[in-house]
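**Student:** This is the structure, below, for whatever I ask next.
The values are calculated or read from the model by the stated rules, or taken from the named source; none is laboratory data. Because the structure is a prediction, the values reported are computed rather than measured. FYI the Cβ positions are ideal-geometry reconstructions off the backbone, even for glycines, and counts take in every protein chain you see. The protein model used for the area step is the full one, side chains on, heavy atoms only, and it has no ligands, DNA or RNA in it. Shrake-Rupley method; radii C 1.70, N 1.55, O 1.52, S 1.80 Å.
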Amino acid sequence: MVSLAILSGGEATRLGGINKGLIEYNGQSFISIIIKELSSIFFETIIISNSPEEFEVLKFPVYKDIYKHRGPLGGIHAALTNAQGNAVFIVSCDMPFVKLSIANRLLSYYKNNVDAIIPTINGRLEPLFGIYSKGGCEIVDRMLSSGKSYSIRKYLDLINTVYVDIPFSNEATRCFTNINTPDDLERIRKTNIE
């Protein structure tokens, strides 16, 4: 069983500290768009955020980071710790164009002896749209508690990771689009990508 976990704990300093999951696009919040696109294929949907009150309206369980100020790896750890599934499909809340077809492709590689399944496109890793098994929980916990490294890439090097090359296409490029700056936001609103 695989759970869906949406990470919405970033500080979004380049967007003035706004919670990126609550940014609206075509009348819906980013996080609502992601849930609508992906949640039907997963055992459960959870949200990782240090501001759970902001997501009460969505009626999904919200969990805080256990290790604060550890970046996305801290969010992945919180998801692995709290999810009921054997593995967690991690999605960053600032990816409003995620595609069910690409999620299904990654899920087709999921096996019990794999700790992570991470897509790559044009040689670039996309670790915030991937599958993480609970089998790696002890290692990520050790990394975060040591205070030495919070690098997802380093974590992936320490565990049994399968990398899945996603062929370049407009759909794939959109799927992995992150909204990090006011310019990014303005661009998608102008082009109105669907």
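**Student:** Quick one: Lys148 ticks every box in (1) in contact (Cβ under 8 Å) with a residue 12 or more places away in the chain; (2) in a loop (DSSP other than H, G, I, E, B) except a single one, so which number is it?
**Tutor:** (1)
**Student:** Any chance the range 29-41 includes a residue that's under 12 Å from Cys93 (Cβ atoms), surrounded by fewer than 21 Cβ atoms within 10 Å (Cβ to Cβ) and of a type in the set (Asp, Glu)?
**Tutor:** Scanning the range 29-41 turns up no residue that is under 12 Å from Cys93 (Cβ atoms), surrounded by fewer than 21 Cβ atoms within 10 Å (Cβ to Cβ) and of a type in the set (Asp, Glu).
**Student:** Does Tyr132 satisfy the condition of being outside any loop (DSSP other than H, G, I, E, B), open to solvent by less than 10 Å² (accessible area, probe 1.4 Å) and either touching a residue at least 12 places away in the same chain (Cβ under 8 Å) or farther than 27 Å from Asp183 by Cα (or both)?
**Tutor:** Yes, satisfied.
**Student:** Any residue in the range 24-31 that is under 30 Å from Asn112 (Cα atoms) and either in a loop (DSSP other than H, G, I, E, B) or at pLDDT 90 or above (or both)?
**Tutor:** Yes, that holds for at least one residue.
**Student:** Which residue pairs have Cβ atoms closer than 7 Å, lie 6 or more positions apart in sequence or on different chains, and pair a first residue in the range 170-188 that is farther than 12 Å from Phe97 by Cβ with a second residue that is of a type outside the set (D, E, K, R)?
**Tutor:** Here the result reads Thr181/Leu15; Pro182/Leu15; Leu185/Ile23; Leu185/Ile179, each pair linking the range 170-188 to a residue that is of a type outside the set (D, E, K, R).
**Student:** Does Asn178 satisfy the condition of being touching an Asp or Glu at 6+ places or on another chain (Cβ under 7 Å) and either of a type in the set (A, V, I, L, M, F, W, C) or open to solvent by less than 50 Å² (accessible area, probe 1.4 Å) (or both)?
**Tutor:** For Asn178, the condition - touching an Asp or Glu at 6+ places or on another chain (Cβ under 7 Å) and either of a type in the set (A, V, I, L, M, F, W, C) or open to solvent by less than 50 Å² (accessible area, probe 1.4 Å) (or both) - is met.
**Student:** For the range 51-66, give me each residue that is part of a loop (DSSP other than H, G, I, E, B) and either closer than 23 Å to Gln28 by Cα or open to solvent by less than 60 Å² (accessible area, probe 1.4 Å) (or both).
**Tutor:** Within the range 51-66, Ser51, Lys59, Phe60, Pro61, Asp65 meet the criteria.
**Student:** Only one residue in Phe89, Phe42, Phe60 is more than 19 Å from Ile118 (Cα to Cα) and touching a strand residue (DSSP E or B) at 6+ places or on another chain (Cβ under 8 Å), so which one is that?
**Tutor:** Sole residue among the options that is more than 19 Å from Ile118 (Cα to Cα) and touching a strand residue (DSSP E or B) at 6+ places or on another chain (Cβ under 8 Å): Phe60.
**Student:** With the requirement that a residue be of a type in the set (Gly, Ala, Ser), open to solvent by 50 Å² or more (accessible area, probe 1.4 Å) and not in a loop (DSSP other than H, G, I, E, B), what does the range 67-116 give you?
**Tutor:** Ser101
**Student:** Can you pull out the residues in the range 77-123 that are closer than 21 Å to Glu171 by Cβ and free of Cβ contacts under 8 Å to residues at least 60 places away in the same chain?
**Tutor:** Selection gives Leu106, Ser108, Tyr109, Ile117, Ile118, Pro119, Thr120, Ile121, Asn122, Gly123.
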